[in-house]
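First the structure, in the form of structure tokens, and then the observations on it.
The values are calculated or read from the model by the stated rules, or taken from the named source; none is laboratory data. Note that the coordinates shown come from a computational prediction; the quantities given were computed from them, not determined experimentally. Here the Cβ is made from the backbone with ideal geometry for all residues, glycine too, and neighbour counts use every protein chain on show. Side chains are part of the model used for accessible areas, which takes the heavy atoms of the whole protein and leaves out ligands, DNA and RNA. Shrake-Rupley method; radii C 1.70, N 1.55, O 1.52, S 1.80 Å.
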Amino acid sequence: MKSTKRWLALVLALVMCIGVLAGCGSNTAKTPDDTTPPANDTTPNTPDTPDTPDPAEVTGYAESPYIATMGITEKVEDRLPVADDIMVETVDAAGNPLAIGVYGGELKRSAASSSWATGKPIEEGLFRFNTKAEVEPNVAKSYEVNEDATVYTIHLREGMKWSDGEPFTAEDCVWFYNTVCLNKLDSKGVRNCHKDADGNPAVVEKVDDTTFTVTFGTPKYDFIETLCVDLKWHYAPKHVLEGICQDILDGKEAEAIAAAKELVGVEFADSAAVGKELLYYFWNYPNIPTLNPFVLSTENGKSSTKGEYYEYIRNPYYWKVDAAGNQLPYIDKIDYTTVQNVDQELMLLLDGTVDFQTIAVQDAPTVLDAENTSGQKINLYEWSGVDWGSAAHQLHFNLFNGDEKKVALYNNPDFREAVSICVDREALASALTDGWQEGGQAAPQEGTLGYSEEWSKQWTEYDVEKAKTLLEGCGLVMGSDGFYDFADGADLEINMVGEATLGAAETFALLDTYYRAVGLKFNFRDYDRSVLDNDIMAGNVECILYPITPIGDISIALKPDSFIPGYATNMVWYGTMKAEDATGDLLELVNLKKELDKTSDAAARAEIVDQMLALHQKNQWTIGYIAATPTVHAVNDRVKNFPDGLVWSDIYRDMGIAHCQCWYIEE
């Protein structure tokens, strides 16, 4: 592709040093006798039996000097799990050896909002993926599964502790599922990973303090993989949140709100908000223990993710070490500055106020020139992406929006084709990206599952007259005002929304000239994220540009959310449609997923996935106007162990796969 070639040429010409170099410093992190980190032992021997990393070569442990300033008196050995259960980080997610870092320093970041932007980089699930989509042990050290894949036995790490020093046990995992998930206290309820092929929830039972079982009524061949996608952590601090949850269950809303305020200093509107925020977005609040490498500060002026500045500080009970026995993380704090837009984020990166930012490819020359303009040496790291086309230029019509005439119209593929081909993609891409990107479609990227050149070009040829013919074939009639009406004479006005900080308004301003030229009247409005989230979940969004959750990911099987109706509450293109509401090809798509869930044979599963993708190509349920580009991270040169060549995917938790606990600062 033209844009990719331009990007690669730029990198080859201008990036002098992308590799991650080992640093030296004066802080107290130990180095092993052999300076080459040992080979990684965290990759499972087989998909069914992942092994715990072998810490046998680690002799003695070290900690950050910052620990002493936190009032912690326990020895590092007493804060870690038992020796055989400590997790040792030796390689990054792509299998590249990690340098032994130095302790200290603050990672400076910016964010337009908290939520997942702050959560994913530090999230710790029971298991995690590497870039080969292989499951690795993480919070859990191993698991076993019976012959028919109906009973999974999960083993935790003995001696592991919450960030407040209290024991972390299987009771925290079992209580979370049985109390929180089954009662939907976190607003999400039982995830797809915990449902069998008939839709029935699993049974989760404690065996002992480090063991619990998950039992299904029918075989669940991909439970561990889907667990990494759907639920991630599968635990909560029972010792802190049990009382609040019981108040909610007992209908004591005032008591639950009061207890939550006493705990985190925030007064929530109702008990539903208490449950959602403390159990689903827990990392955004102080005083909630976690297993993450960093926890939100409790210090005044630094503890509110709604403020202009806040900090995440190191977890003194973190349960991972490096190859030399240094307790991770290396970095002591992550400092966040709240910004209003992407332009402000770029400015803060260029002047050194922040260390790291994901940038648009067209900003690469400016970033690479920062050493000359502001003295900041910034390295660029290219990751592969998985969105179907550029997420910023995806258009989703709600096929289940509640308006009978619009539902019929939006479900008509001729209408979607007309909206697609009425836009000159190359002119649009040139205007919006200064020529760095080119036109494209919402289709799998080259190198990802389902890619075909035919699909990538489907409905992309600019043809206004054909678009008008298609619209009239849908029963629309041109009105006296130059815009199409329904056949009964009622006005057709399409209400499009965008998220205020994402810049969709600029894209719409250009798209609207094409829509008007073909005779389609769109109304556009920007919304704050919180308002938009609620409207999407309620099914009140008719059409969205730059969707909060775009279509596309590594696997339609592992994460069906963006691909198949009924699997998520935040997808606009199918809205609040459930499996039982689907008809036609959408129903076939739903039924294929059900068949997939009951199929164990790998070849048969692959064939089903191909059929599902073929339905998406046939219908083009979502529209893309500009092709995707690699995800580009701009990182200040003082940050080391930042990985290159990974995959940016929600399945991999976006920045979570970069394992920030292994980064270090070299001043």
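Worth a mention:
- Inverse of mean 1/r across different Cα pairs in segment 68-111, Kirkwood, Å: 14.1
- Evaluating 6.51 cos²θ - 1.76 cosθ + 1.60 at θ = phi - 60° for every residue in segment 555-561, the Karplus couplings come out as 9, 5, 7, 6, 9, x, 3 Hz, glycine and proline recorded as x.
- Here is the tail figure for segment 497-554: Cα pairs spaced more than 17 Å apart come to 42 percent of all pairs.
- Equivalent ellipsoid of segment 463-543: semi-axes from √(5λ) of the C-alpha gyration tensor, largest first, are 27, 15, 10 Å.
- Nearest-10 value in Å² for the accessible area of residue 78, using the 1.4 Å probe: 90
- Between residue 477 and residue 273, the simple label model (points 7 Å from Cα in the Cβ direction) yields a spacing of 4.8 nm.
- Extending 7 Å from Cα along the Cβ direction at residue 262 and again at residue 570 yields two label points whose distance is 3.2 nm.
- Shape annotation for segment 186-293: C-alpha extents along the principal axes are 44, 32, 25 Å, from largest to smallest.
- Inter-centroid distance (Cα atoms) of segment 76-105 relative to segment 629-667, Å: 17
- Per-residue 3J(HN,Hα) values for segment 604-612, derived from phi via the Karplus relation 6.51 cos²θ - 1.76 cosθ + 1.60 with θ = phi - 60°, read 5, 5, 4, 5, 5, 4, 4, 5, 5 Hz in sequence order (x marks Gly and Pro).
- Rounded to the nearest 5, the antiparallel percentage of DSSP beta bridges internal to the chain is 70%.
- For segment 184-279, the relative contact order is 28 percent, taking Cα pairs closer than 8 Å that sit 6 or more residues apart in sequence and dividing their mean separation by the residue count.
- Based on Cα contacts under 8 Å between residues 6+ apart, segment 241-318 shows a relative contact order of 18 percent.
- Estimated FRET transfer efficiency (residue 610, residue 412; beta-carbon r; R0 35 Å; 0.05): 0.85
- Report summary: the helix-based calculation at 222 nm, which adds -39500 (n - 2.57) for every DSSP H run with n ≥ 4 and divides by the residues of the chain, gives -7500 deg cm²/dmol.
- Hydrodynamic estimate: the Kirkwood radius of segment 449-488 over Cα pairs, inserted into Stokes-Einstein at 10 °C and 1.306 mPa s, corresponds to D of 130 µm²/s.
- Unit Cα scatterers, Debye sum, segment 237-303: log10 I(q)/I(0) for q = 0.18, 0.24, 0.25, 0.26 Å⁻¹: -0.62, -1.04, -1.11, -1.18
- Distance between segment 511-533 and segment 587-615 - C-alpha centres, whole angstrom: 35
- In loop segments of segment 239-327 as defined by DSSP, there are no chymotrypsin sites (Phe, Trp or Tyr not before Pro) with at most 13 further C-beta atoms inside 10 Å of their C-beta.
- Each residue of segment 350-364 was assigned a 3J(HN,Hα) from its phi angle through the Karplus curve 6.51 cos²θ - 1.76 cosθ + 1.60 (θ = phi - 60°); the sequence is 5, 8, x, 5, 10, 9, 8, 7, 8, 10, 6, 4, 5, 8, 4 Hz, with glycine and proline shown as x.
- For segment 80-212, the Cα-based Rg and Dmax, in that order, read 17.4, 51 Å.
- Spatial extent of segment 187-244: Rg and Dmax, with the Cα atoms as the point set, Å: 12.6, 36
- Here the Debye sum runs over all C-alpha atoms of segment 542-634 as equal scatterers in vacuum, and log10 of I(q)/I(0) at q = 0.10, 0.15, 0.21 Å⁻¹ comes out as -0.29, -0.63, -1.13.
- Normalised by 2.2 N^0.38 Å, where N counts its residues, the alpha-carbon radius of gyration of segment 500-600 equals 1.27.
- Whole-number D in µm² s⁻¹ for segment 266-342, Kirkwood Cα-pair radius fed into Stokes-Einstein, 10 °C, 1.306 mPa s: 114
- Between the alpha-carbon centres of segment 270-316 and segment 422-451 there is a gap of 38 Å.
- Remark: the chain carries 39 Å² of accessible area per residue (probe radius 1.4 Å; ligands, DNA and RNA excluded).
- Taking N as its residue count, the alpha carbon Rg of segment 589-667 over 2.2 N^0.38 Å: 1.66
- Amide H contacts of residue 161 (H built 1.01 Å from N, under 5 Å, at least 5 apart or other chain): 168
- The trypsin sites (Lys or Arg not before Pro) found in segment 223-270 that occupy coil by DSSP, while having at most 16 further C-beta atoms within 10 Å, are 252.
- Cα principal axis extents for the chain, largest first, Å: 80, 62, 53
- log₁₀ of I(q)/I(0) at q = 0.11, 0.14, 0.20, 0.26 Å⁻¹ - segment 380-457, Debye sum with one point per alpha carbon: -0.38, -0.59, -1.03, -1.27
- Under 20 Å from residue 559, Cα to Cα: lysines that are on another chain or at least 8 residues apart: 120, 132, 188, 195, 220, 232, 578, 593, 594, 598
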